[in-house]
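The values are calculated or read from the model by the stated rules, or taken from the named source; none is laboratory data. None of these values were measured; they are calculated from a predicted model. Cβ atoms come from the backbone with ideal geometry, glycine included; neighbour counts cover every protein chain shown. When the accessible area is computed, the model is the full protein with side chains, heavy atoms only, and any ligands, DNA or RNA have been set aside. Shrake-Rupley method; radii C 1.70, N 1.55, O 1.52, S 1.80 Å.
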Amino acid sequence: MASKAIKRRPCSSESDKTSEKRMETTVSDPVTEPLLGNGPHEEKNKRYEPATRSDFWDGTREECLRWAHLLSIFIAQSARKIVNALSEFGSLIARLFGCSSAPQSSQNGQTVPLNLSPLQVERLKLLRQRLDVPYDCSSVKHQDALKELWRLAYPNRQLPPLKSDLWKDMGWQNSDPSTDFRAGGFLSLENLIYFARNYPDSFHRLLHKAEGKRAEWEYPFAAGGVNISYMLVQMLDLQSGKISTKAGVHFVQLLEDDEAAFDNLFCVAFQVLDAQWLARRASYMEFNEVLKSTRVQLEKELTMGCISSVQDLPSFRMLKR
C-alpha cells in the first residue's frame, strides 16, 4: 500500500506542474491570447480575467463619450440661437437710437447675412429693377426724360433736337446723348434729373463750373454723372445676388427711411468728386483717378457708424438746394 502511495506522488507532482502550467497560461497577456478558448478550464477561467473588467470600463467610457458628444452638440446649437437672438436685438436697438445696424465684415472677409425689413427688401428690389433698364433712344418716355433734363439745366434756352451739337454744352461727348448712357443706363439719367430738381443750386454750380480754379480741359458734366452712377452701383454691389461690400451692407439699411437713398447718394458723390477735382487741380485725363478717390471717400463715410440716412454723411453738408 505504501509503495503504491509512493508511486502516485510523482503523478501528483506532475499534476501540480500541469496545474501550475495551466495557471501560468491563464494569467498570460490577454492581447496575445486567442479570442476563443479550446477547453472548458480556459473558458471558465476567462470569465474572471482582468480583460473582462477592462471591457466593462471601455463600455462605460464609450457611453460617457457619447453623452459628452451629445452635450457638445446641444451647447453649440444653443450658442448659435443665442447669437442670432442677440444680433436681432442689437439691430432693433440700433434702429431705435438712430444708428446703423448693418452687419460688419468678419475676419475672413465674409459678411454676416443681412436682416432686412420687408420695406427694405421691397425698395432694394425696385432699385435693382431700375438698374436693368438701358437707355432706349426710341422710347418716348426716355426721350421726354432727356428733354426734361435740358429744361432743368437751361430753363431760358430753347430745347434742341435730340441729336445736336448743343448737347455738348451740358457735357455729353457726342451730338447724340444716347451714346453716352451705355455704362449707367436710364438710371443715370434719372439721377441727373433728381439732382437738378432737388439740389438746383449745387447742380447749376457744377454744371457751369462756377467754383474754384478750373482746368483748361475740364471733365464733361453729363458724361461724368453717368460714370458716377455706374461707380455707385459697383461700390454698393447692387447687381450681385448677395451684397458683400461693407458700403453696400450699410447702404441697404438706409432704404428703411429713404426710398431715394441712391439718388441722394448720387448727388453727394457728384459734389465730392468736384471738390476732389479742385483739390487735386486735376484735368480731363485724371478723371478716373478722381473717381476712384471719390469712391474711397464715400465708402469711408458710409461705414463710419451711426449713419441712418444719406443726410448724416459729412459730405452731405456741401450740397446746396
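Return the only residue of VAL226, VAL249, VAL233 being at pLDDT below 95 and buried (at least 20 other Cβ atoms within 10 Å of the Cβ). I'd like the intermediate steps shown before the answer.
Working: VAL226 fails: at pLDDT below 95; VAL233 fails: at pLDDT below 95.
Just a single option satisfies the conditions, and that option is VAL249.
Kindly provide the set of residues from the range 243-264 that are out of contact with any Pro (no Cβ under 7 Å at 6 or more places or on another chain) and not in a loop (DSSP other than H, G, I, E, B), ordered by number.
Scanning the range 243-264 gives LYS246, ALA247, GLY248, HIS250, PHE251, VAL252, GLN253, LEU254, ALA261, PHE262, ASP263, ASN264.
Among the residues of the range 185-211, those that are open to solvent by 10 Å² or more (accessible area, probe 1.4 Å) and in a loop (DSSP other than H, G, I, E, B) comprise HIS208, LYS209, ALA210, GLU211. Would a scan of the range 169-182 turn up a residue that is in a loop (DSSP other than H, G, I, E, B) and touching a Gly at 6+ places or on another chain (Cβ under 7 Å)? Among the residues of the range 169-182, at least one is in a loop (DSSP other than H, G, I, E, B) and touching a Gly at 6+ places or on another chain (Cβ under 7 Å), which makes the answer yes. Cβ-Cβ contacts under 6 Å between residues 6 or more apart (or on different chains), taken from a first residue in the range 180-194 that is closer than 14 Å to LYS141 by Cβ to a second residue that is assigned to a helix (DSSP H, G or I) and open to solvent by less than 10 Å² (accessible area, probe 1.4 Å), are listed as LEU187/SER229; ILE193/LEU149. I'm trying to understand the selection: among the residues of the range 120-160, which are under 20 Å from GLY241 (Cβ atoms) and open to solvent by 40 Å² or more (accessible area, probe 1.4 Å)? Within the range 120-160, VAL121, GLU122, ARG123, LYS125, LEU126, ARG128, GLN129, ARG130, ASP132, VAL133 qualify. From the residues in the range 252-283 that are of a type in the set (S, T, N, Q) and either open to solvent by 40 Å² or more (accessible area, probe 1.4 Å) or touching a helix residue (DSSP H, G or I) at 6+ places or on another chain (Cβ under 6 Å) (or both), which one is nearest to SER229 (Cα to Cα)? By that ranking, first place goes to ASN264. Within the range 296-314, being surrounded by 18 or more Cβ atoms within 10 Å (Cβ to Cβ) and either in contact with a Leu (Cβ under 8 Å, 6 or more places away or on another chain) or free of Cβ contacts under 8 Å to residues at least 40 places away in the same chain (or both) holds for GLN297, LEU298, GLU301, LEU302, ILE307, SER308, VAL310, LEU313. For the condition open to solvent by less than 10 Å² (accessible area, probe 1.4 Å) and within 21 Å of HIS208 (Cα to Cα), SER164 does not qualify.
Condition check: open to solvent by 40 Å² or more (accessible area, probe 1.4 Å), over 15 Å from LYS168 (Cβ atoms) and at pLDDT 95 or above. Does ARG214 satisfy that?
On the way: open to solvent by 40 Å² or more (accessible area, probe 1.4 Å): yes; over 15 Å from LYS168 (Cβ atoms): yes; at pLDDT 95 or above: no.
For ARG214, the condition - open to solvent by 40 Å² or more (accessible area, probe 1.4 Å), over 15 Å from LYS168 (Cβ atoms) and at pLDDT 95 or above - is not met.
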